[in-house]
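I have placed the structure first, in the form of structure tokens, so that the comments after it can refer back to it.
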Amino acid sequence: MNQPLIDLQHISKSFDGTMVLDDLSLTVKENSFVTLLGPSGCGKTTTLRIIGGFESPDTGKVIFDGQDITNLPPNKRQLNTVFQKYALFTHMTIAENIAFGLKIKNKTKSYIDDKIKYALKLVNLDGYGNRSVDSLSGGQQQRIAIARAIVNEPRLLLLDEPLGALDLKLRQDMQYELIRLKNELGITFVYVTHDQEEALTMSDTIVVMNQGYIQQMGTPESIYNEPENAFVADFIGDSNIVPGIMLHDKLVEIFGAKFECVDKGFGINKPVDVVIRPEDIDLVEPGQGTLSGVVTHLIFKGVHYEMEVTTPDGFEWLVHSTDLFPVGKKVDIHVDPFDIQIMNKPASEDEEAIGVNE
């Protein structure tokens, strides 16, 4: 079995007595696109800075390709970092910015010139070498920051919310650019964001973090379709998270109505959390579904209608559908068994933070 490129072993880190990372272990495979995703203060940027050598862990080790680099300074590591603030040198031309790291390494002029040309072409800014940084848009400056990082041929590129300062359209364009660059260069990417759509779009692996713990790690599809706890379900996409009773294997009771599901092993008459995505709810005529309600809210979202259906218990179900059901219409809710996700209820707040869901 191939050893991981990055292996974080039992990393803990505190700032001013506040625990930011608590016994975190994480492996990153070579040539993967791994996104650390979570709310502000969850520890994702601290994790990135520890990989980059900008912070030292209180305990634990950072292993890079089998070598312990925990105490190695950033400039000795085979990686580069692209920050949200691009940190370009305004007194230098674009070419000089890109060449900065290569000049420190005493590369020859012809080598540097070739690399500048190659990098500019790669980020679709061919011929921009003699321009000033101030003449560029935010998206172009971001590309130059990436070009400056990749000319050093790092094995690992760390990106700390690099698209956060861009407007929506530009951000989407840059997402595709980053995927293309990763595929062309074969560099391993570790990417930090709090934007769930960004994570789902670009990554092959998502690491969902909260309060210094990894909540779940997996493919975008598995994170979205099979959240392991209520935090992940709530953070990734829209969700209906409701209390239920697992009557027995493959049968759950929600607000007094019995829904068939595919989950097993939760026991008999066990309180659980139930996750149902808005797009997985089918609204049908009264008498044809499992739970009755009334449409109480309607918004047209372009690709679908977003509706709220209030059931007699007072819960407001979020529903996404291409079919229109007007406000005031009585409907029934139907959900396919495969679209019902059952999770253990955490026994305590500590378990909730850690994301326990055996």
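Could you tell me whether Glu198 is out of contact with any His (no Cβ under 6 Å at 6 or more places or on another chain) and either modelled with pLDDT of 95 or more or open to solvent by less than 20 Å² (accessible area, probe 1.4 Å) (or both)? Yes.
Contact map, region 240-254: residues that are closer than 11 Å to Lys345 by Cα paired with residues that are part of a strand (DSSP E or B) and basic (Lys, Arg), Cβ distance under 8 Å, separation 6+ or inter-chain. Pairs shown: Ile245/Lys270. Looking across region 6-40, the residues that are open to solvent by 50 Å² or more (accessible area, probe 1.4 Å) and outside any strand (DSSP E or B) come down to Asp16, Gly17, Lys29, Glu30, Asn31, Ser40.
Please identify the pairs in which a residue from region 213-237 that is aromatic (Phe, Trp, Tyr) has its Cβ atom under 7 Å from the Cβ atom of a residue that is part of a helix (DSSP H, G or I), counting only partners at least 6 apart or on another chain. So the pair list comes out as Tyr213/Ala353; Tyr213/Ile354; Tyr224/Leu200; Phe235/Gln196.
The condition of being closer than 29 Å to Tyr224 by Cα and not aliphatic (A, V, I, L, M) holds for only one of Asp126, Asp167, that being Asp167. Can you find a residue in region 41-59 that is in a strand (DSSP E or B), under 30 Å from Gln142 (Cα atoms), open to solvent by less than 30 Å² (accessible area, probe 1.4 Å) and touching a residue at least 40 places away in the same chain (Cβ under 8 Å)? Within region 41-59, none of the residues are in a strand (DSSP E or B), under 30 Å from Gln142 (Cα atoms), open to solvent by less than 30 Å² (accessible area, probe 1.4 Å) and touching a residue at least 40 places away in the same chain (Cβ under 8 Å). Counting only strands (runs of 3 or more DSSP E) wholly contained in region 266-352, the ones carrying 3 or more residues that are without any contact (Cβ under 8 Å) to a residue 40 or more places away in the chain and aliphatic (A, V, I, L, M) occupy 291-300.
Considering only region 106-118, I want to know if a residue exists there that is within 25 Å of Asp167 (Cα to Cα) and either modelled with pLDDT of 85 or more or open to solvent by less than 80 Å² (accessible area, probe 1.4 Å) (or both). No, the conditions are met nowhere in region 106-118.
Each row is one residue, and each column tells you yes or no for (1) modelled with pLDDT under 95; (2) open to solvent by 20 Å² or more (accessible area, probe 1.4 Å); (3) at negative phi; (4) of a type outside the set (Asp, Glu).
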{"site": "Gln288", "(1), (2), (3), (4)": "no, yes, yes, yes"}
{"site": "Leu298", "(1), (2), (3), (4)": "no, yes, yes, yes"}
{"site": "Tyr305", "(1), (2), (3), (4)": "no, yes, yes, yes"}
{"site": "Val335", "(1), (2), (3), (4)": "no, no, yes, yes"}
{"site": "Ile340", "(1), (2), (3), (4)": "no, no, yes, yes"}
{"site": "Asn344", "(1), (2), (3), (4)": "yes, yes, yes, yes"}
{"site": "Ser348", "(1), (2), (3), (4)": "yes, yes, yes, yes"}
{"site": "Glu352", "(1), (2), (3), (4)": "yes, yes, yes, no"}
{"site": "Glu358", "(1), (2), (3), (4)": "yes, yes, yes, no"}
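Could you go through region 128-142 and let me know if any residue there is more than 30 Å from Gln3 (Cβ to Cβ), acidic (Asp, Glu) and open to solvent by 50 Å² or more (accessible area, probe 1.4 Å). The answer is yes, given that some residue of region 128-142 is more than 30 Å from Gln3 (Cβ to Cβ), acidic (Asp, Glu) and open to solvent by 50 Å² or more (accessible area, probe 1.4 Å). Give the residues of region 224-250 that are closer than 19 Å to Ile281 by Cα and open to solvent by less than 30 Å² (accessible area, probe 1.4 Å), sorted by residue number. Pro227, Ala233, Ile236, Gly237, Ser239, Asn240, Val242, Gly244, listed by residue number.
Being under 16 Å from Ala257 (Cα atoms) and under 33 Å from the mean Cα position of the chain (by Cα) is the filter; apply it to region 312-329 and report the residue that is surrounded by the fewest Cβ atoms within 10 Å (Cβ to Cβ). Can you show your working first?
Just the residues of region 312-329 that are under 16 Å from Ala257 (Cα atoms), to begin with: 312-317.
Filter once more, keeping what is under 33 Å from the mean Cα position of the chain (by Cα): 314-317.
Working: Gly314: 7, Phe315: 16, Glu316: 14, Trp317: 22.
Among those that are under 16 Å from Ala257 (Cα atoms) and under 33 Å from the mean Cα position of the chain (by Cα), it is Gly314.
The single condition from (1) assigned to a loop (DSSP other than H, G, I, E, B); (2) more than 16 Å from Gly212 (Cα to Cα); (3) touching a residue at least 60 places away in the same chain (Cβ under 8 Å) that Phe89 fails is (3).
Let's see how each residue does on (1) touching a Phe, Trp or Tyr at 6+ places or on another chain (Cβ under 8 Å); (2) open to solvent by less than 10 Å² (accessible area, probe 1.4 Å):
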{"position": "Gly186", "(1), (2)": "no, no"}
{"position": "Val190", "(1), (2)": "no, yes"}
{"position": "Ser203", "(1), (2)": "yes, no"}
{"position": "Met217", "(1), (2)": "no, no"}
{"position": "Ser222", "(1), (2)": "no, no"}
{"position": "Asp263", "(1), (2)": "no, no"}
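Residues considered: Gly212, Gly256, Gly186, Gly218. Of these, the only one that is small (Gly, Ala, Ser) and under 21 Å from Asp173 (Cα atoms) is Gly186.
Being crowded, with 20+ Cβ neighbours inside 10 Å, on the phi < 0 side of the Ramachandran plot, outside any loop (DSSP other than H, G, I, E, B) and at pLDDT below 95 narrows it down to one residue among Asn75, Asn97; which is it?
Numbers: Asn75 fails: crowded, with 20+ Cβ neighbours inside 10 Å.
Criteria check complete, one pass: Asn97.
If we scan region 78-87, do we find a residue that is surrounded by 13 or more Cβ atoms within 10 Å (Cβ to Cβ) and farther than 29 Å from Leu170 by Cα? Step through it out loud before you land on a result.
Narrowing region 78-87 to residues surrounded by 13 or more Cβ atoms within 10 Å (Cβ to Cβ): 78-84, 86.
Now narrow it down to the ones that are farther than 29 Å from Leu170 by Cα: 78.
Within region 78-87 (the criterion being surrounded by 13 or more Cβ atoms within 10 Å (Cβ to Cβ) and farther than 29 Å from Leu170 by Cα), the answer is yes, since at least one residue qualifies.
Scanning region 153-184 for residues that are open to solvent by 20 Å² or more (accessible area, probe 1.4 Å) and under 14 Å from Asn80 (Cα atoms), we see that the one that is nearest to the chain's Cα centre (by Cα) is Asp160.
The values are calculated or read from the model by the stated rules, or taken from the named source; none is laboratory data. Fair warning: this is a prediction, and the values are worked out from it, not measured in the lab. No Cβ is skipped: glycine too gets one built from the backbone with ideal geometry, and neighbour counts run over all protein chains shown. Ligands, DNA and RNA are excluded from the accessible area calculation, which covers all protein heavy atoms including side chains. Shrake-Rupley method; radii C 1.70, N 1.55, O 1.52, S 1.80 Å.
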